[in-house]
Amino acid sequence: MRPSGRQLDEMRSITIETNVTRHAEGSCLIKCGDTHVLCTASVDERVPSFLRNSGLGWVTAEYGMLPRATHTRMNREAKRGQSGRTQEIQRLIGRSLRAGVDRVAMGERQIVVDCDVIQADGGTRCASITGGWVALRLAVNALMKAGDIKTDPLTDHVAAVSCGIYAGQPVLDLDYPEDSDAGTDANFVMTGSMGLIEVQGSAEGATFSRAELNQLMDLAEKGVAELTAAQKAAVEG
């Protein structure tokens, strides 16, 4: 039995509210159960120096957690400096989103996706990627509406979900009680057409088998299909 009472292959409730900030070209608030992340996408007509005069666009990301997003208050990273965890997560978000972008069609501009965790209950990086894509989609829509981009540069949806071995059973979409006690913890980043972008998996206790990895993959595909459906409903609603 899972602590939440969910079935082994059952996702937490997913809601995505769009256009939640006034100034960003794209924004959304994604809620995956009790994990809530504010995602904004900002268009910059300049690119990093290593891309100048290349004709290529760039998508990058920044990630952070509010001081009381977790059970106990954390100091702001602006005060203490970014942790290695934060740097790793924001690089993952950027890599993941770029995998669904035609950077030639995007033109020589940059879109920065900011993911700010308001409340954390496991899976914050996955929620950031899933919500970050929605914010990116809305920002690209604004560029296309303005005539700044002629061809849609987004080639597919990008979403992410966690899976793991909890109490000896493969489960989908770990919340914090499961994540903190899982024997195996894995994050799957995929496209809407089920192409793999990145897999992060590790055994926290005993090793896991190839058969169990296949079970986690099957669960991840089910979860990503549900997430991409939620993304589609959000941007088309």
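Read-outs throughout are calculated quantities, based only on the coordinates presented, and are distinct from any laboratory measurement. Quick caveat, the model's predicted, so the values are computed rather than measured. All Cβ positions, even for glycine, are placed from backbone atoms using ideal geometry, and neighbour counts span all protein chains on display.
Working note: Karplus 6.51/-1.76/1.60 with θ = phi - 60° gives the range 188-201 the couplings 10, 10, 9, 8, x, 8, 6, x, 7, 9, 7, 10, 10, x Hz, where Gly and Pro are set to x.
Sorting Phe50, Phe208, Phe188 by the number of Cβ atoms found within 10 Å of their own Cβ, with the fewest placed first, yields Phe50, Phe208, Phe188.
For the chain, a Gaussian network of Cα nodes joined below 10 Å ranks Arg68, Arg210, Arg137 by mean-square fluctuation, and the top entry is Arg210. Sort the chain into rounded, prolate or oblate with this rule: let a ≥ b ≥ c be the square roots of the eigenvalues of the Cα gyration tensor; rounded if a/c is under 1.5, and if a/c is not under 1.5, prolate when a/b is larger than b/c, oblate otherwise. Judged from the Cα gyration tensor, the chain comes out prolate (a/c at least 1.5, a/b above b/c). Summarising the label geometry, the points placed 7 Å from Cα in the beta-carbon direction at Met74 and Met1 lie 3.2 nm from one another.
At 222 nm, what helix-only mean residue ellipticity would the chain give, in deg cm²/dmol to the nearest 500, using -39500 (n - 2.57) for each DSSP H run of four or more?
Details: 6 runs with 76 residues, N = 237.
Roughly -10000 deg cm²/dmol at 222 nm, from the helical runs in the chain.
Among complete DSSP H helices in the chain, those whose alpha-carbon atoms stretch at least 24 Å along the helix's long axis and whose mean Kyte-Doolittle hydropathy reaches 0.0 are 124-145. Close amide H partners of Glu10, meaning residues 5 or more places away or on another chain with modelled amide H under 5 Å apart, are Leu172.
Taking all Cα pairs closer than 8 Å and separated by 6 or more residues, the relative contact order of the chain comes to 22 percent. Scanning residues 5 or more positions from Arg109 or on other chains, those with amide H under 5 Å from its amide H are Gly57, Trp58, with H placed 1.01 Å from N in the peptide plane.
Report the FRET efficiency, 1/(1 + (r/R0)^6), for Glu45 and Val20, where r is their Cβ-Cβ distance and R0 is 30 Å, rounded to 0.05. Intermediate values should be presented prior to the final figure.
Working: r = 24 Å, r/R0 = 0.80.
It comes to 0.80.
DSSP beta bridges confined to the range 36-189 are antiparallel in about 70 percent of cases. Across the range 47-96, Cα pairs under 8 Å and at least six residues apart give a relative contact order of 41 percent. When the chain is treated as a GNM, springs tying every alpha-carbon pair under 10 Å, which of Arg52, Arg103, Arg95 comes out with the largest mean-square fluctuation? Greatest mean-square fluctuation among the candidates belongs to Arg52. Given the options Leu97, Leu227, Leu196, state which has the largest fluctuation in a GNM of the chain using a 10 Å cut-off (strictly under) for Cα springs. Among Leu97, Leu227, Leu196, the largest mean-square fluctuation in the Gaussian network model of the chain belongs to Leu196. 3J(HN,Hα) along the range 176-184: 4, x, 6, 4, 6, 10, 6, x, 9 Hz, from the Karplus curve 6.51 cos²θ - 1.76 cosθ + 1.60 with θ = phi - 60°, whole Hz, x for Gly and Pro.
Magnitude of the charge dipole for the range 14-236, about its Cα centre and with charges confined to Cβ atoms of Lys, Arg (+1) and Asp, Glu (-1), is about 820 debye.
Total Lys pairs in the chain closer than 23 Å by alpha-carbon, pairs eight or more apart in sequence or interchain only? The partial results should precede the final answer.
On the way: Lys31/Lys222; Lys31/Lys232; Lys145/Lys232; Lys150/Lys232; Lys222/Lys232.
Here the count comes out as 5.
In this structure the amide hydrogen of Glu25, modeled in the peptide plane, comes within under 5 Å of the amide hydrogens of Ala41, Val43, none closer than 5 places in sequence on its chain. Sequentially through the range 31-43, phi angles give Karplus couplings (6.51, -1.76, 1.60; θ = phi - 60°) of 10, 10, x, 9, 9, 10, 10, 8, 10, 10, 10, 10, 8 Hz, Gly and Pro residues having no value and appearing as x.
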